[in-house]
1. Computed over the Cα atoms of segment 1-156, what is the convex hull's projected area averaged over all directions, in nm²?
2. Return, ordered by residue number, the residues of segment 155-170 whose backbone nitrogen is under 14 Å from a label point located 7 Å along Cα→Cβ of Leu241.
3. Arrange Asp4, Asp273, Asp66, Asp358 by Cβ neighbour counts within 10 Å, fewest through most, would you?
4. Over the Cα atoms of segment 274-327, what Rg and Dmax result, in angstrom?
5. Could you list Thr185, Thr223, Thr326, Thr291 in order of exposure, starting from the residue whose Cβ has the fewest other Cβ atoms within 10 Å?
6. Put +1 on the Cβ of every Lys and Arg and -1 on every Asp and Glu Cβ in the chain; which of Phe50, Ala310, Leu253 then has its Cα farthest towards the positive end of the dipole?
7. Mean separation of Cα pairs under 8 Å and 6+ residues apart, divided by the residue count of the chain: what relative contact order is that in percent?
8. Would you give the gap between the C-alpha center of segment 74-133 and the C-alpha center of segment 318-383, rounded to a whole Å?
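Each value in this text was obtained by applying a stated rule to the coordinates, not by laboratory testing. The model shown is predicted, which means the values in this text are computed figures rather than measured ones. Quick reminder, even Gly has a Cβ in these numbers, built from the backbone with ideal geometry, and neighbours come from all protein chains shown.
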Amino acid sequence: MKSDAQVIGLVGFAHSLSHFYQLALPPLFPLIRAEFDVSWSLLGSLVGVFYVASGFAQFSSGFAVDRFGARPVLFGGLALLGGGALAAGVAPGIGWLFPIVAIMGVGNGVFHPVDFAILNANVAPRRLGHAYSAHGIGGNLGYAAAPIAMFGLASVIGWRGALLAAGVMGLVGLGILMTQRARLTCHVGRGHAASPTKATTLFRQPAILACFAYFAVATTAATGLQTFSPAALNTAFDVPLALATSAVTALLLGGAAGIVAGGFLAARTTRHDRVAAIGLAVAAALLVIITFAGSSVAWVLPLFAAAGFASGATGPSRDMIVRTATPDGAAGRVYGFVYSGLDLGAAIGPVWFGFMLDHRQGNAIFLAAAACFVVAIATVMQVRRSRIAHAT
């Protein structure tokens, strides 16, 4: 039990750092936009580049984890994130930020194959639901901390100073994890690379493809909301920027609470598809309400927190769905492929939502996010149908 808790804590800590960096730049966009005189769409493209690079890295790092183990891949990824933030803090122009965020995206891409390989290899199966819950909570806490920390630091030391501080934090985190390296073992498939034919067959399985699609469409909504909800609330509904930024924090803290509840649900049911579908349906309905009630300042934070709770509650069941679709000995490859759907959605969402903002359609981003959640419900139902068909 103690060993499981220590592994879960370390993996959750690493995951929180990766999610912090995913939202390190967006809170600084108004300041960067003012300095470089660029459009919201271009700033959204920075996020898109980050996640395109992350998607390619996530897919390939799954093979690296299966062959070499998770620990060296984890350390390399965190070094790229911290080093990239330091470089971004001294970038002389907007053009320099694109290769820098690509490097950071490569660092970000390692975490899901690494994290789930370590958890699956070291945590007792009966505790995996709670392990996945803690993993998700770590990510959400990283998300929740980023807007507050980066906006607060930037108000004191500027956006460049905020990025430099974030870079130092990542390197300190890397040092902490290296001191605990003995607990981060994973030898899945060590020394045996998967053949291209086997990999191709694996990724053609309908259940795995449906998992990939689920992550892509759900993350399109989530990342778009996290990146541009403050700007949308401010421009479309005249919500003060400080309160609009707090709405993202409410969304993420609500998500963290939802993940806790979702961990207990995942430990007590085998119908993980049903949990995911209900949570997404509730989140979609709340986003529709936000579309028409966004100007009611008193309701902004509660509605965002409730939407975050509903979507967050699906997280542990979502991860259990992927685990049940994963063949033995293929954890790194499957998690790398499936979770690269996260990066595809995260690349699309900010560009799409930024385009809507540039065309004065800020209220439309909440309807678009709701539509994505509805499509995600269809994909998670397809996972179950594919598993039943395969079993028969």
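1. Details: hull surface 37.9 nm².
For segment 1-156, the mean projected area of the Cα convex hull comes to 9.5 nm².
2. Zone members listed by number: 155-156, 158-159.
3. Numbers: Asp4 17, Asp273 22, Asp66 28, Asp358 14.
By the 10 Å Cβ count, ascending: Asp358, Asp4, Asp273, Asp66.
4. Rg and Dmax of segment 274-327, Cα atoms, are 13.9, 49 Å.
5. On the way: Thr185 13, Thr223 29, Thr326 22, Thr291 18.
Fewest-to-most Cβ neighbours within 10 Å comes out as Thr185, Thr291, Thr326, Thr223.
6. Positive-end residue among those listed: Ala310.
7. Once divided by the residue count of the chain, the mean separation gives 28 percent.
8. 18 Å
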